[in-house]
1. Which length gain, in nm to one decimal place, applies between F289 and T140 when the Cα-Cα distance is subtracted from 0.36 nm times their residue separation?
2. Return the equivalent ellipsoid semi-axes of the stretch 31-162 as a descending list in whole Å, where each equals the square root of 5 times an eigenvalue of the C-alpha gyration tensor.
3. Roughly what would the spin-label model give for Q207 and M236, points 7 Å off Cα along C-beta, in nm?
4. Rounding to the nearest 20 debye, state how big the charge dipole of the stretch 285-340 is about its Cα centre with +1 on each Lys and Arg Cβ and -1 on each Asp and Glu Cβ.
5. Find how much the distance from Q73 to D222 grows on full extension, using 0.36 nm per residue of separation minus their present alpha carbon separation; answer in nm with one decimal.
6. Farthest toward the dipole's positive end in the chain, which of I131, H155, G165, given Cβ charges of +1 (Lys, Arg) and -1 (Asp, Glu) about the Cα centre?
7. Could you tell me what % of all Cα pairs in the stretch 285-340 have separations over 16 Å?
8. Which Cα, out of I240, S119, L283, lies furthest along the positive dipole direction of the chain (beta carbon charges, K/R +1, D/E -1)?
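Computed from the coordinates by the stated procedures, all read-outs in this text should not be read as laboratory data. Just so you know, these numbers come straight off a predicted model, no measurement behind them. Here the Cβ positions follow ideal geometry from the backbone for every residue, glycine too, while neighbour counts run over all protein chains shown.
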Amino acid sequence: MKMHHNISIFIPHAGCQHQCAFCNQKTITEQNNLPHGAEIKKICQQAMLQIPDKSKTNTEIAFFGGSFTAIKQSYMLELLESAQEFIGENKFSGIRISTRPDYINPEILALLKYYHVTSIELGAQSMSDNILLANQRGHTEQDIIYASKLIQEYHFELGLQMMIGLYQSTWQDESETVDKIIKIKPDTVRIYPVVVLKHTKLAEIYQAGNYHFFDNKQNSLDDVVAMTAVYMQKFMQNHIKIIKVGLHASEFVESDKIAGYYHPAFRELCESRIYRNHIEKILENLNYFKNQEVIFAVNNKCISKAIGQKKCNINYFKNKFFVNIKIKPDENLGLFEVRLLNC
Ligand code: SF4
């Protein structure tokens, strides 16, 4: 499978008329200048020189950060037009944008098609109207369903973004959101556990003692990793590509973080948990004796994921099943494939 690349251009909060409870992009925007046409061209020219020809056709110019279709049309057109000369044969494959579900309609999609937009990501965040309302999203579940259907009818690649642990959300809500997203059949998903940032409504609610994550229980990062791993498995079983899990450190100011579930290697932790789940399933159906060495093979590049950070998976099996797990490489195995080698 060919690797996909993005030339990421951040358009912070431009034109967004909303103030979602978790978003502090207005604060960030005050400190950043919005990029204009000349800057977009410069970024693309540099990327044309740096990206090898064989990778160009798998590369999109990606406008991320704000709600692209909600920005002032003259500015949106300036951005789209400045990217045009870099799209086509032996150049980049198209443009990727992210936006809100309530800023999608047939006219906008026709315009985006004309300007070679190929992928549209919607910030869905939750498929529960109550949670969307509690987090001041300003759109409904129905808006997400309608916009997704329209995007698919216009033959764009559809991506949906979901957040885990929003204000008033329960694990039941998260599972239902995953199931409803699967029903929509997007091409890609991004999963973001909530990070509570200063200067947001969520921060106010949290500081007032009214933000209780997940069912009013204390959930550790480990619990959130475990559930996210289950959701990832569900998406993969339904052939939905997971393009991102967890916020990147560059997406917020570290000193603004006051609560939530952030880890610099969040995705790696979840992938490691998926290996644990697969191995556990095999062990549960196996006859073995105490302290036996049980050997599994995984893909060469995934050995550290199978072992887990600080050998957490090996220790988990030792404590729970009283076995010594050994992991060997096998380049013929795919991602998350596990093969039992003895017993
Ligand atoms: S729509 Fe997007 S940019 Fe606007 S406030 Fe919400 S999260 Fe922030």
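1. That works out to 48.2 nm of additional length.
2. With the √(5λ) rule applied to the stretch 31-162, the semi-axes are 28, 16, 13 Å.
3. The modelled label-to-label distance comes out at 4.1 nm.
4. 280 debye
5. Here the answer is 49.3 nm.
6. Looking along the dipole axis, the top candidate is G165.
7. Beyond 16 Å sits 42 percent of the P(r) for the stretch 285-340.
8. L283
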